[in-house]
Each structure stands twice: as structure tokens, then as C-alpha cells.
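Note sheet for the following structure.
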Amino acid sequence: DAQNDPHWSAHRQDMEAHLPFRNFEYWIDDKAGNARCISISGVPQFEDSGAFLGYRGGAMDVTNLKKAETAVRAALEDARESDKAKQDFLANMSHELRTPLNAIMGFSEVLQMEFFGPLNNARYLDYVNDISQSANHLLDLVNDILDLSKIEAGKLELSFTDIDLTAVAATAVRELTGQMRKKSQHFSMNIDQDAATIHADGAAIRQMLTNLLSNAVKFTPENGDIMLSITTVKSGTVKITISDTGIGIPEEDIEKVLTPFGQSGDIELAREGGTGLGLPIVNALAKLHGGTFDIESVIGVGTQAHITLPRTPDPG
């Protein structure tokens, strides 16, 4: 109903005022009864005396273009709905898994301590230890899925304060010290005190360091070297580097390991297992801080993981 359509009303006002118009679109039915979208443009023409003569312009059939735009919008909406459903499912399932896992871990700890009396068979204690380790591994996986789900859904809220990177790094190292000792690995830490204080989320920084150190320990053989360094790159920017003398990552797999659940195709790397979530989480957390995450690696030589962060993130 062109008479009552605001779209047409505005167009008529432009024409009555003898204004130019461009890409005015409207739908009509062709002779076969099919809806077609027409786009017209016009420039007003005047006599030398200023009298209005009419419009000169052209028209295009843009039906296929409009249908393509509609299809793209529908596909994007479907993708958003699908992604939201995936995030909701992962979050709900992860929460559901944590309840029985906590029970398994709690009861296995009671058995490990032989709280109600000895188990009387060493093999039972071995089984209990295996149950406890498996439950802890599964809990780590659940926590990683929850963290990644929050990040991808934009629901992870960071709490920025002035933090001491030396203290945060020391806490992360303590979590891995036992594993390093088991493999007789040599660890060193070199921190530029001028770069040690930044404005960041302490828990997120610790998580990044723990993930990277855990990978370094996992993929570095016995008697290998692991180093954590913090330096000033330029004014207002610090770089955290965790390097190791491990088995390395093939260059063609570096981009892959930064994607969720992406793992290297290298047989030796695959043998070590893992969820494929640690590095993507580090990458995402670095970006949330306004920083970057890069990996340099050479097979058989080792890996360097670099987190570059602004001392004070841009509030925008």
C-alpha cells in the first residue's frame, strides 16, 4: 500500500521537492506473479529558466542480491543461535559433571588417607590413587571448558588491579615444582623488577603462566631446561616468555594449537595427550588484556611462548 507506506511517503516528499534520490528499493510482481525487487535512482532535470522538467535515471533488478542478503542474515542468525546453544550446553554439562567429580575426589581422598582403617591390600591403594588422578584430570578438563565457554560467550569478567608479576609467577611455579622434580628438570627465572608491576587480572595471569609452564613440563624430557623471564619490551609494555628445551611444535601446527581442541599432528606430541584448550585460553586471556600471544618453536630444539601485555590496558 504505497499511499500509507512511510517508505514511499518519504520518497514522494523527495520527488515533490525535486531532490535527487539514489537506490530507492521497492517490490513488485512481474507478469508471472513473481516478486521482484527494483532499485531506482534519479537526478532532477531543470530548464534554463529553472522550471522542473522531470527526472533522469535508471533502474536495476536487485532481486537476487536481496535474496542473497536475506540468506546471509539468516545464516548468521542461525550461527549465533547455534553458538549460543553450544556455549549453554557446555556450561550446563560442565556444572553437572562437577558435582559427581567432587564426590569421587572426596571419597578417594578418604580412602587414600585410610581414614576408617587400612585397606589391607596395596593394590586397592594403587587403584584409589589412579581414581584420584583421573578425577583431578577430568576436573581440569571441565574447568578449561567452563573458562573457554565464558570467554567465547563474552561472559568472563576480569578484575584489574596493580599486581606483582614476581609473586604471581612464583605461585604458578610452585604448582609445577613437584612435576619438575620428578623429571629432574632445571628451572630458572629471570625477572626485570622494573617490569614486574602491571595493571591486570591476577588470577588470569596466573592461569596463563600455569598453562604454559604445565605444557613446558609435559613436553620437556628429563634433565631438560625450562625458563621464565619477564622483561620490558618498550615503554608501557612487558613481555613474559616461557622457554623450554622440549620436543617442539611443527611450524605448520602452531596456528592449529591456538584453536580450541586443536592439537599437533606430530606423533610424539600427540602421545603426551592433553585437551587442546590450554593454549587457546592463554591466547584469549592475553587479548582480553589488550595484549598478544605468540609461539616460536623448532622441532627437537624447544619452544618459546611469548605473552606481551600493556602495563595499563586501554579502558576502551
(request) With a 1.4 Å probe and every protein chain left in place, tell me how much accessible area Glu109 has, in Å² to the nearest 10. (result) 100
(request) Let me know the charge dipole size of region 132-241 about its Cα centre in debye, to the nearest 20, where only the beta-carbon of Lys, Arg (+1) and Asp, Glu (-1) is charged. (result) 280
(message) Please compute the contact order of region 92-225 in relative form: average sequence separation of alpha-carbon pairs under 8 Å and at least six residues apart, divided by the residue count, as a percent.
(response) 25
(request) Please name whichever of Leu125, Ala35, Leu53 sits farthest to the positive end of the charge dipole of the chain, dipole taken about the Cα centre and charges placed at Cβ: Lys and Arg +1, Asp and Glu -1. (result) Leu125
(message) How tilted is helix 165-182 with respect to the longest principal axis of the chain? Cα atoms for both, answer in degrees (0 to 90, nearest 10).
(response) 50
(request) Please compute the Cα-Cα pair-distance distribution of the chain with 20 Å bins starting at 0, giving whole percents from short to long. (result) 23, 38, 20, 16, 3, 0
(message) Just to check I understand the Karplus step: with θ = phi - 60° and J = 6.51 cos²θ - 1.76 cosθ + 1.60, what whole-Hz values come out for region 7-20, glycine and proline as x?
(response) 4, 6, 4, 5, 5, 5, 5, 4, 5, 5, 8, 6, 9, x
(request) Quick one: dipole size for the chain, taken about the Cα centre, charges +1 on Lys/Arg Cβ and -1 on Asp/Glu Cβ, in debye to the nearest 20. (result) 300
(message) Between Ala85 and Gln45, what's the calculated FRET efficiency when r is the beta-carbon distance and R0 is 51 Å? Round to 0.05.
(response) 0.35
(message) Taking θ = phi - 60°, what integer Hz values does the Karplus form 6.51 cos²θ - 1.76 cosθ + 1.60 yield along region 129-139, in sequence order, with x for Gly and Pro?
(response) 4, 5, 4, 5, 5, 5, 5, 5, 5, 5, 5
(request) Could you list, in their original order, any pairs among Lys150/Lys287; Lys84/Lys150; Lys86/Lys150; Lys182/Lys218; Lys183/Lys256; Lys256/Lys287 whose Cα atoms are separated by more than 19 Å? (result) Lys183/Lys256
(message) So, for region 125-175, what is the accessible surface per residue at a probe of 1.4 Å, expressed in square angstrom?
(response) 57
(request) Report the Stokes-Einstein translational diffusion coefficient (µm² s⁻¹, integer) for region 2-129, Rh taken as the Kirkwood radius over Cα pairs, at 10 °C with viscosity 1.306 mPa s. (result) 72
(message) Taking loop as defined by DSSP and a crowding limit of 16 other beta carbons within 10 Å, which chymotrypsin sites (Phe, Trp or Tyr not before Pro) in region 101-178 fit?
(response) Phe115, Phe116, Phe160
(request) Quick one: which residues, 5 or more positions from Arg36 or on another chain, have an amide H under 5 Å from its amide H? H modelled 1.01 Å from N in the peptide plane, none for Pro or chain starts. (result) Ile28, Asp29, Asp30
(request) Using the heavy atoms of the protein chains and a 1.4 angstrom probe, tell me the accessible area per residue for region 7-96 in square angstrom. (result) 74
(message) Taking a virtual spin label 7 Å from the Cα of Glu109 along the C-beta vector, which residues in region 129-151 bring their backbone nitrogen under 20 Å of it?
(response) 129-144
(request) Would you work out what percent of the accessible area of region 1-132, with all protein chains in place, is carbon or sulfur (probe 1.4 Å)? (result) 57
(request) Select from region 137-231 those trypsin sites (Lys or Arg not before Pro) which occupy a DSSP coil region and have at most 13 other Cβ atoms within 10 Å, ordered by residue number. (result) Lys155
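The values are calculated or read from the model by the stated rules, or taken from the named source; none is laboratory data. Bear in mind the structure is a predicted one, so any value in this text is a computation, not a measurement. Neighbour counts run over all protein chains shown; Cβ positions are idealised from the backbone, glycine included. To get the accessible areas, we keep the full protein, side chains included, count just its heavy atoms, and leave off ligands, DNA and RNA. Shrake-Rupley method; radii C 1.70, N 1.55, O 1.52, S 1.80 Å.
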